[in-house]
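One structure is given here, and the rest of the page talks about it.
The values are calculated or read from the model by the stated rules, or taken from the named source; none is laboratory data. All values reported here derive from a predicted model rather than from experimental measurement. As a convention, Cβ positions derive from the backbone with ideal geometry for all residues, glycine included, and neighbour counts pool all protein chains shown. Only protein heavy atoms, including side chains, enter the accessible area calculation; ligands, DNA and RNA are left aside. Shrake-Rupley method; radii C 1.70, N 1.55, O 1.52, S 1.80 Å.
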Amino acid sequence: MPFSPMMKPINQWIDRHLDPSIRSDPELYSQVYIALILAIPLAGSAFLASLLAYFHPALQAEFSFPVLPFMAAQLTLILSSIGLFRQRWVYKSLYLIVGLVSIQIIYSAYLLGGLNNVSLMWFPVIPIVAGVLAGNRSALIMALICLATLTCFWYLSQTGHQFPHNSPPTSIVWILSGGGATVLSAAIVHHVTKQNHEKRVAYEAEITRRTKVEQSLRHAQQRLRLAKTAAEAGSEAKGTFLAQISHEIRNPL
């Protein structure tokens, strides 16, 4: 299922190392394939949040505190990607990847000021990633979690809560973060759309093949009925002829 000829070596490498039981399940294979292809940008969300923390004026003096959880999540995310190659761990790895990415985005949003920060641009990406990698139920759950998080941020801001670092980011940070979220969402939607198109084409081709097979079977059954009718007629004519000969022998002129 390559995007382009450039993806062919990656496809071959994934097919070579995936568990055969995963390759035999088209839906699971698609989920694992997307997770592996998007492993770099998914893991990069933690790296992006770390960069935001590093370049944020209020965080430069305390860089080690906000970055450490992201680096731990980054390492766990890499280990989770390794688990995608085995049937025993594949579902746990998919759920863990969705959870880690969501936690990192939500944590960075809290860390950088609640409602007034650039990380909120990544909130719409969370249900998309959850839906593609873990199914519709996970997408609904993560959407509700995002809405609950925004509500909590609003409540905290109304009660005068002081977020760890509440200074506005620069314009370039907004552009980079918004561009990253847009590119990642577009890539996921493109792949899912392409997969659905390929499945529809394959489904239509299968319907056409089965229709031709059914037509061939009907023609074969029709020929068999004609042959059976001819055989029965021949057998009846043979019986009539033998009966007449037998009658003539028993009753000579």
Just give me the residues in region 103-125 being at pLDDT 80 or above and among the β-branched types (Val, Ile, Thr), in sequence order.
103, 105, 106, 125
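For region 156-173, indicate whether the set of residues that are in a helix (DSSP H, G or I) and open to solvent by less than 20 Å² (accessible area, probe 1.4 Å) is non-empty.
As a first pass, look at region 156-173 and keep what is in a helix (DSSP H, G or I): 156-158, 171-173.
Next, from what is left, pick out any that are open to solvent by less than 20 Å² (accessible area, probe 1.4 Å): none.
No - not one qualifying residue is present in region 156-173.
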Condition test on residue 106, is it closer than 14 Å to residue 188 by Cβ, out of contact with any Pro (no Cβ under 9 Å at 6 or more places or on another chain) and either of a type outside the set (Phe, Trp, Tyr) or part of a helix (DSSP H, G or I) (or both)?
no
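Would you mention how many residues in region 69-91 are part of a helix (DSSP H, G or I) and either hydrophobic (A, V, I, L, M, F, W, C) or under 19 Å from residue 22 (Cα atoms) (or both)?
Residues of region 69-91 that are part of a helix (DSSP H, G or I), as a first pass: 69-85, 90-91.
Applying the additional criterion that residues be either hydrophobic (A, V, I, L, M, F, W, C) or under 19 Å from residue 22 (Cα atoms) (or both) yields 70-73, 75, 77-85, 90-91.
Qualifying residue count, region 69-91: 16.
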Going by the conditions given, is residue 79 of a type in the set (A, V, I, L, M), at pLDDT 65 or above and under 30 Å from residue 108 (Cα atoms)?
yes
First in region 75-87 and on the phi < 0 side of the Ramachandran plot, second anywhere and charged (D, E, K, R) and not in a helix (DSSP H, G or I), Cβ under 8 Å, 6 or more apart:
85/19; 86/19; 87/19
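Please go through region 88-141 and give me each residue that is of a type in the set (Val, Ile, Thr) and buried (at least 20 other Cβ atoms within 10 Å of the Cβ), ordered by number. Talk me through it step by step, then tell me what you get.
As a first pass, look at region 88-141 and keep what is of a type in the set (Val, Ile, Thr): 90, 97-98, 101, 103, 105-106, 118, 125-126, 128-129, 132, 141.
The answer is 90, 97, 98, 101, 105, 106, 118, 125, 126, 129, 132.
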